[in-house]
Amino acid sequence: MTDHMASAHRIPLDHRSAPERRASGLASVHSSAPAIAAVHRSAPSRRTVARGALLGAAAVLLGPAPARAAAAGPVAPRLPAPTGPHPVGLRTYALTDTSRFDPWEPASGVREVKISVLYPARTVRGCPRVPQLTPAEAAEFADLAPWVHPGLPAGGVDWGAALTHGHLNAPALPGRRPVLLYGPGGGDSRTLGTSLAEDLASHGHVVVLVDHPGDASQVELPTGMRLTVLRGNPDPATFRTMVDTRVADLRLVLDRLGSLPLAPVMDLRRTGVYGHSAGGTAAVHALAADDRIGAGVNLEGFLDLDPAALDGLDRPLLMFRTDGFEEAARLTSSWVGIPAPRITLTGANHWVFGDYAFLVPQLTAAGLVTAETRTALIGPADPAAAVARVRRGLRSFFARHLPVPAPPARHRRVSQ
């Protein structure tokens, strides 16, 4: 499934009943992606109606989930440990941009953005590991998962049980370190890029995961829960709004990093950006437009939105793709003329760049996801090789262009 499948036409808040929406065809597009009306969670009645419509339509359109032993409890997904020498700290922040309105829900007022900052920690003693999703986000994602990515189960998964390897508010390792911004694929929340970000942080980077409310499946903000507005294949104007909004969000984050409590460990003169799919598109456009960004990585994002904006791109860029991507022809065409090395992952598919590389095999082994869905999401091969290549590729690329400090020397006892 592509970002354009997981992306969508902009649609207004829909207050009709579930039967009325189904009758009007609102839930008739599952072959391409989420049929989800924008919802700003507030009243229980609205939550009940929206959730009931999603689950009811999912049962009709997606059919029954693969068979699974009745006695088994919900699957508690696990994420792999990072490979670097440093433990990882994690803090979250909500940022507000008073200079612009939210393009997806103008009535909500100014634009809000949620970020997670992962960084090398001095110690993690007494600092708990952070769940990948908050309890409220996990409850929403349990309903939204089959729409964001058709074939994911509508039940049987405890999404709130997945723990990151980021330790809440752990004290940062001293030293100023390069900063990397990350943008997820269309319809995904920032937390589905956790594993790659943790690996980069464990090797000495400060990594900022950026959520784009209204685009992401769900984001818990101080003002309430925001759900995705994405539905079906977007027209060019909608996709432009999506990418332009993401680029503006990235620039907001860059504006604010220097005022965060973690600013003393960030070297903003060494800033990079990477992103997956729509996040990759936005990353390259941000790289071309903002001189504060020194290098970027595009993980299988189209670059045909505005080719003129990328003319003369003279900063380091690396681009990854898979051999299973169903829109390979368009991707290849959109990359023509872009001065950047390309790396192809074999036996892989579009969503292998995020945490689905680890989550989907666990759900397949539990009988919750079919082999066909697994292939459509992450490819038929063992994702370990693809994941290792992406991790090494990003570490090597950013180490060349945004060098990290050497890890502190370890005290070694001298034998007498």
Notebook entry, point to check: What are the residue pairs meeting all of these: first residue in the range 298-309, first residue part of a helix (DSSP H, G or I), second residue buried (at least 24 other Cβ atoms within 10 Å of the Cβ), Cβ atoms under 9 Å, and 6 or more apart or on different chains?
Noted result: A309/H285
Item checked: Residues located in the range 111-130, provided they are open to solvent by 20 Å² or more (accessible area, probe 1.4 Å) and either of a type outside the set (A, V, I, L, M) or in contact with a Lys or Arg (Cβ under 7 Å, 6 or more places away or on another chain) (or both) -> E112, K114, R122, T123, R125, G126, C127, P128, R129
Notebook entry, point to check: Since A329 meets every condition but one in (1) aliphatic (A, V, I, L, M); (2) in a helix (DSSP H, G or I); (3) under 27 Å from D199 (Cα atoms); (4) over 20 Å from the mean Cα position of the chain (by Cα), which condition does it not meet?
Noted result: (3)
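Quick one: which of P213, P307 is closer than 30 Å to W159 by Cα and of a type outside the set (A, V, I, L, M, F, W, C)?
On the way: P307 fails: closer than 30 Å to W159 by Cα.
After ruling out the rest, the residue left standing is P213.
For the subset of the range 144-158 comprising residues that are touching a strand residue (DSSP E or B) at 6+ places or on another chain (Cβ under 9 Å) and in a helix (DSSP H, G or I), which member is nearest to E372 (Cα to Cα)?
First, pick out the residues of the range 144-158 that are touching a strand residue (DSSP E or B) at 6+ places or on another chain (Cβ under 9 Å): 144-147, 153, 156-158.
So of that shortlist, the ones also in a helix (DSSP H, G or I) come out as 144-147.
Working: L144: 20, A145: 17, P146: 15, W147: 17 Å.
Per the stated criteria, the residue is P146.
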Check: Identify, please: which residue in the range 188-228 is over 15 Å from the mean Cα position of the chain (by Cα) and under 16 Å from L95 (Cα atoms) and is, among those, most open to solvent (accessible area, probe 1.4 Å)?
Finding: P222
Next item on the list: Filter the range 279-308 down to residues that are of a type in the set (A, V, I, L, M, F, W, C) and closer than 18 Å to T238 by Cβ and give me whichever is farthest from the chain's Cα centre (by Cα).
Entry: L305
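Within the range 284-297, can you find the residues that are part of a helix (DSSP H, G or I) and open to solvent by 10 Å² or more (accessible area, probe 1.4 Å)?
The first filter runs over the range 284-297 and keeps only residues part of a helix (DSSP H, G or I), leaving 284-289.
Selection gives H285, A288, A289.
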Note to self: Regarding the range 97-115, can at least one residue be identified that is without any contact (Cβ under 8 Å) to a residue 12 or more places away in the chain, farther than 19 Å from G166 by Cα, part of a loop (DSSP other than H, G, I, E, B) and more than 17 Å from the chain's Cα centre (by Cα)?
What the structure shows: yes
Item checked: Looking only at the range 240-249, and only at residues there that are more than 14 Å from F101 (Cα to Cα) and open to solvent by 10 Å² or more (accessible area, probe 1.4 Å), the one that is modelled with the highest pLDDT -> V247
Next item on the list: Report, by residue number, each residue of the range 310-327 that is surrounded by 15 or more Cβ atoms within 10 Å (Cβ to Cβ) and under 17 Å from G379 (Cα atoms).
Entry: F320, R321, T322, G324, F325, E327
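Where residues in the range 100-109 are surrounded by 12 or more Cβ atoms within 10 Å (Cβ to Cβ) and out of contact with any Gly (no Cβ under 8 Å at 6 or more places or on another chain), which of them is nearest to R226 (Cα to Cα)?
Taking the range 100-109 first, the residues surrounded by 12 or more Cβ atoms within 10 Å (Cβ to Cβ) are 100-105, 108-109.
Those still in the list that are out of contact with any Gly (no Cβ under 8 Å at 6 or more places or on another chain) too: 100, 108-109.
Numbers: R100: 17, S108: 10, G109: 13 Å.
That would be S108.
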Next item on the list: Filter the range 125-164 down to residues that are closer than 10 Å to Q218 by Cβ and hydroxyl-bearing (S, T, Y), then give me how many there are.
Entry: 1
Next item on the list: Look at T281 and say whether it is at pLDDT 95 or above, part of a helix (DSSP H, G or I) and open to solvent by 10 Å² or more (accessible area, probe 1.4 Å).
Entry: no
Checklist line | Number of the exception - P80 against (1) touching a residue at least 40 places away in the same chain (Cβ under 8 Å); (2) farther than 30 Å from D158 by Cβ; (3) not basic (K, R) | finding: (2)
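Quick grid of which residues meet (1) touching a residue at least 12 places away in the same chain (Cβ under 8 Å); (2) buried (at least 20 other Cβ atoms within 10 Å of the Cβ); (3) in a loop (DSSP other than H, G, I, E, B):
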| residue | (1), (2), (3) |
| --- | --- |
| G347 | yes, no, yes |
| Q362 | yes, no, no |
| L368 | yes, yes, yes |
| T373 | yes, yes, no |
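The values are calculated or read from the model by the stated rules, or taken from the named source; none is laboratory data. Note that this is a predicted model, so its numbers are computed, not measured. For neighbour counting, all protein chains shown are included, and Cβ atoms are generated from backbone atoms with ideal geometry for every residue, glycine included. To get the accessible areas, we keep the full protein, side chains included, count just its heavy atoms, and leave off ligands, DNA and RNA. Shrake-Rupley method; radii C 1.70, N 1.55, O 1.52, S 1.80 Å.
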